[in-house]
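Here the structure is laid out as structure tokens; the discussion comes afterwards.
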Amino acid sequence: MWGFFINIYILENLSFGSEKFLNTFFSIHCKVYTMTDIFDNVILCNKCKKVMKRKDIEKNGFVLRQVECLRCGSRIVHPLDEQELKKFDNLKKKEFNVKMRIVGNSYAVSIPKEIVSFMKSVKEHEKMVDDMVRLCFEDMGRLSLNFNSGGFENE
């Protein structure tokens, strides 16, 4: 979070000949606010006031950070992880119509920017253009792309 403060100082009226000039100075101050992660602190259960234990769970390929009370079983999932999972679920429900084009001796299909930008934010690296993907012919009329690169080995 950023905060900007602009101070305007009017110091004096200066006159040169018959014209008057207003001498104004601008001062810009910038403050940077950083937030700490709530899960970096000890979290107490709302019901039984005991310290909650950190635990990671996996759901739809996402690792969700959560804290769980061992006494009463109440759980709190990290809000940012929950938000990313909701974005994924919303994208998963959408159906995209894309064009198939001929490029040289191959066919090319465009991937919507919405999907690529989501994958960039999850993958946390900037360039996906030259990344290798795995293309599989699953069933008649169904292809799949696997963006989880790594060493592609023959299966």
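The values are calculated or read from the model by the stated rules, or taken from the named source; none is laboratory data. Note that the structure is predicted; figures quoted are calculated from it, not measured.
Could you list, in sequence order, all residues of region 134-147 that are within 13 Å of Val109 (Cα to Cα) and among the aliphatic types (A, V, I, L, M)?
The initial filter retains those residues of region 134-147 that are within 13 Å of Val109 (Cα to Cα), namely 135, 143-145.
Across region 134-147, the qualifying residues are Leu135, Leu143, Leu145.
For a quick check of your reading: which strands (runs of 3 or more DSSP E) sit entirely within region 1-71 and have at least 3 residues that are of a type outside the set (Lys, Arg) and modelled with pLDDT of 80 or more?
Values: elements: 2-16, 19-32, 53-59, 62-68.
Result: 53-59, 62-68.
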